[in-house]
Every structure is written in C-alpha cells, then in structure tokens.
1. For residues that are assigned to a helix (DSSP H, G or I) and surrounded by fewer than 15 Cβ atoms within 10 Å (Cβ to Cβ), tally how many sit in the stretch A:176-196.
2. Which residue out of A:Gly51, A:Gly38, A:Gly72 is part of a helix (DSSP H, G or I), surrounded by fewer than 22 Cβ atoms within 10 Å (Cβ to Cβ) and more than 14 Å from chain B (Cβ to nearest Cβ)?
3. Restricting attention to the stretch B:144-156, report how many residues are within 14 Å of chain A (Cβ to nearest Cβ), over 18 Å from B:Gly31 (Cα atoms) and assigned to a helix (DSSP H, G or I).
4. Among the residues of the stretch B:154-173, write down those that are surrounded by fewer than 19 Cβ atoms within 10 Å (Cβ to Cβ) and either among the β-branched types (Val, Ile, Thr) or not assigned by TED's automatic domain parsing to the domain that holds B:Tyr102 (or both).
5. Could you please give the count of residues in the stretch B:86-116 that are among the small types (Gly, Ala, Ser), within 13 Å of chain A (Cβ to nearest Cβ) and over 18 Å from A:Ala4 (Cα atoms)?
6. Considering only residues that are within 27 Å of the chain's Cα centre (by Cα) and among the polar types (S, T, N, Q), look in the stretch B:68-107 and name the one that is nearest to A:Leu104 (Cα to Cα).
7. Could you tell me whether the stretch A:230-250 includes any residue that is in a helix (DSSP H, G or I), out of contact with any Leu (no Cβ under 7 Å at 6 or more places or on another chain), touching a residue at least 60 places away in the same chain (Cβ under 8 Å) and more than 29 Å from A:Arg102 (Cα to Cα)?
8. Which of the residues belonging to the stretch A:153-168 are touching a residue at least 24 places away in the same chain (Cβ under 8 Å) and surrounded by fewer than 17 Cβ atoms within 10 Å (Cβ to Cβ)?
Amino acid sequence: MLAARVIERNVLAYRRLWVAFLTGFAEPVFYLFSLGLGVGALVHSVTTDAGTTVEYATFVAPALLASSAMNGAIFDSTYNVFFKLRYARTYEAMLATPIGPRDLALGEIAWSLIRGAMYSAAFLAVAVAIGAVDSWWGLLALPAAVFIALAFSAVGMFATTFMRSFLDFDFITLAIQPMFLFSATFFPLGTYPDALRLLVQATPLYHGVALERGLMLGEVGWGLLGHVAYLAILGMIGAVGVSRRLARLLLS
Amino acid sequence: MSDVLVRARGLTKRFGDFIAVDGIDVEVRPGEAFGFLGPNGAGKSSTMKMIGCVSPVTSGELQVFGMDPATHGPAIRARLGVCPQEDMLDGELTVEENLWIYGRYFGLSRREARARAQGLLEFAQLTDRRSDRVEPLSGGMKRRLTIARALISEPDLLLLDEPTTGLDPQARHVLWDKLFRLKQQGVTLIVTTHYMDEAEQLCDRLVVMDGGRIAAQGSPRELIERHCSREVLELRLDPVVSATGTTGAARGVELLGEAFGERLGERVEVLPDRVLVYTDDGEAALEAAHARGVRPISSLVRRASLEDVFLTLTGRTLVD
C-alpha cells in the first residue's frame, strides 16, 4: 500500500516539527479553560437540544473537541498540501516513483486524520480530567473525531487544489471561522431563529458537534449515525475529488 | 522487447493548440546512452515526461519496457530512475532521509533502503553532509543528490533532464564522471541537454530536436560528418569603414565567398562578429583566404563540434 509511504514521509518530516503538534493541541485546550471554566462560572447550566440540563463546560467540551479535529485536519490538508503542491513540488518528485495520485490523496488525507485523531485524543484526556465528560459513550468521541477530520481534510484538500496563492487561504478562514462560532458550538441549536437553524444544520461542523455532544453527554440515538454518514460521504466525495485534481494538475 | 527499452512511433504531445512533440520516432536500446539535443522548447522535456509516465501521450505509440504508459504507469516507473530538470528534493528532510524515503516510495524494505542510501551517499560524495537539510547544499551537491536519489531503486533506465544545467564547470565534470561510471555499469541513460559537449561526452546516439520534430539523428561523430565539415575556420574581420564606403568586414566576406563558395564549394556562414568557414582542412582554407587578400584580426581552426551541427540544424534564432 503506497499511500502508507506518503504517511511515512510526513512522520519523518514532522519528527522535527513537534512544536506544530503542540500548538494544534494547545489551542482547543485553552478554549476549554477559557470558555468551559471561565464563561462556565457565569453560565452555570445549559439545556441541550435533547432537553437535559448540563454544566456549561460539559456542554461546550464536545464542540471544542469537534473543532480541534477540524482545525488539525484543515491545517495539514490546506497550508501544508499547498506548499508541497505549488512550491516544494514534493508531489511531482513522488509521482516519479510507483506512487500515483490516488496514493497521494489517500496518504495525505490519512495523515490529516492521524493528526486530527492525536489532537482529539489529547483534548479528550484533558476534558475527562476536568470532569467535562459525563458518559462512557464518550470513549467513542475519538473515532467520531476521525470522521470529522476525514470530512474536513478531504474537502479542505480538494479546495486547496484550486488555490493559486496563499492569499486564497482567506477563503478557508472565511469558511472555518463562522462555522467554529455558529455550528451550535457555544449555544444550543434551539437558540437560533428557524431560518438560521437550517443553515447551521447544513454545515459539516454542526454534524461533528452534534455527534460528539451526543456521545459525550450520553444522549445516544440512531440519529447519530446520520451525522456519521454525512461526514463519511463528504469525506469520500472530497477524496475522489482530490485524487482527480492531483492527476489533472500533476500529470498533464 | 528485450532489445528495445523505449519505442516511440509518431509520438505526439499537444497542449491545447500547441504541439510540443510532433510525431517523433525513437528507439532506445539497453546499455546505451541516448540523447535528446535541442534548444529550449524543442519538446525534449515533454518527451521525457511521457517516457516517465507522468504526462499522457496525446497520440502515437509509446512503449517503455514493452509496456504502455497509459495502462502500466506504476509498473514502468518502478523500473525507472528520474532526475528531473529541477531538483525537487524534499526540503523538509535531511540528505540521507531524502534518499531513504525515496527508496521507501519504491517499496524497498527499511533495511534495504538504508543500506542503499549509504552506498549512494558515497557515490554522491555527500556522506559528511548526510544529516544536513537539503537547502544549504550547493547546486552541484543538490544535483548529485538528485541523481543518487534516482538510483535508489537500481533502475534499468535512468532519465536525466538537463542534468548539468546551471552547474559550474567543475561540478559538471564530476557529474559527467558519475554518469559515465553508471553507463559502464550497464545502466541505460536517456539524457536531454542543450550542451553540445555534454552530448558528445555522454551519448552513444542522439536525436536533434527542433520545434517538436527530430531534425537529425545518429552518433555524435555521424552527425558531425553528415551535417557539418570536419573542421571549422573562424575568422574575425575588421568592421572599420574603408574609403570606398563598404565595410572591411563586408569586403572580407565577399572575398571569402569568392574563395570558398564558388571555388572550393565550402559553406560560409556570416555572423555579426565573425565568419565561419566549414571545411575539411582549416589550415588550407586559411591560406586560401590570405591568398585572396582577407586580413582577419584573428583566426582559429578548430574541430567541428555538435554545436555546429546543432546550429546548422536548428538555426541561430533565440528560442524562449
């Protein structure tokens, strides 16, 4: 499986870039302390969309977990991939070997998943330590985070193949930032007006947040599989798209 | 299949309306060093990319190791070593890691990749730089590393796209020496270059490409014999305006034309700064010129080179 060699290359490159890992992990943890514990001291409890009342830290922790999976995946699949594609021409060199564009796409997406999963695992450990996880279902929060990372890394990488310069990355920020703030992350979906609610429910991060929240609060139902399906399908469409775009760009 | 590694028939590459490679026929046999010689934009690199299975063939036939690149790309690439025009080394890795991971891309075991990387570090004379990043290396070192990297899979066929472009003379000679050693070990080489001396040094056979077509082919010696004379007389003529109004140089050219064009049947080429006389006996031509009253500032008799063939075939217009 040559996609594994693509991952191996990234492991090799990142052995010296562990600081990047540290920041990717630190950011959501800072949010957890600031919002969960800080704001949580003011807003004592929240009534979830499922109708249970929980502490604010418990409410916000799953959303931050989903966001950290998203950020980890997006960072690697956009900036790093763009650099390797347009500047370092790493992929061109790799395509002179038996590795093909599909291996590249799968390897890079898988690598983003690994990073997303590592951030999520570290975050989950902190969330458990401060008592922000209520249910044993919370153990499934980690595999769920992998689905979130899959969706975002595949779509992010697909978008990256269309970018012409680093300036275009503002579009990514433009998409990510509002999603981070308004995907029922910091307040329940029920607080949004009806029209906005549909918009929120269409975003991938909303499905990630809803999935994680269901698992970590123990509000588990078949509906959660719907979120998984949304993320998985988005990820697969993105992966096929990436592989085609790489072939088009690099094998001309 | 065993007697031809690369076979192209009417091989064509088109980018939109632009025809980069225009129906070329080429055969490369095992163990030989084969050259594509031509100015920029002649279609050399496009041909190399098609052979390297990273650029689809527009039309015509191409077989590498008897296989079709469209359907057997990975299998062909597994037996190729590619040294691209730009180094494209992995800047996030060290010198040694660059070699090692490339071996892994080819599916080598970790141990095998490591062992081969050792040998290639020595081959590339980079053993003492093994733990350095790639960026601070000199151009020559990067090129040697790129070639070493292309060899990690022990390829049957090595593709070198302008291997010495941008290198200083010392680095170029070191590289030629390396390539010569590879050839002696039986590695088949395909080289593109616009350096005549390189083609003369390295290639057993070559094609001269121009505008996507093959303008001539043969061994360096054959090409010189067929498309050029044995020697070239270079004359620098004084361009000072004389009393009669014609320039000295123009008069000199006239005289030369009379001396060679009509009488001896040699070809004379007039350049802005000098006149070239293609002849089989340079010294005799020089004497004939003197006898006609031509008084050059300086004269030089030299062996004809591929450069002369190249310029004869592809013209002197600058191509960008």
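1. 8
2. A:Gly38
3. The number of residues fulfilling the criteria is 4.
4. Matches in the stretch B:154-173: B:Thr165 only.
5. Summing the residues that are among the small types (Gly, Ala, Ser), within 13 Å of chain A (Cβ to nearest Cβ) and over 18 Å from A:Ala4 (Cα atoms) in the stretch B:86-116 gives 1.
6. Once the filter is applied, the top-ranked residue is B:Asn98.
7. The answer is no, given that none of the residues of the stretch A:230-250 is in a helix (DSSP H, G or I), out of contact with any Leu (no Cβ under 7 Å at 6 or more places or on another chain), touching a residue at least 60 places away in the same chain (Cβ under 8 Å) and more than 29 Å from A:Arg102 (Cα to Cα).
8. Result: A:Phe162, A:Phe166.
The values are calculated or read from the model by the stated rules, or taken from the named source; none is laboratory data. These numbers come from a predicted model, not from an experiment. Here the Cβ is made from the backbone with ideal geometry for all residues, glycine too, and neighbour counts use every protein chain on show.
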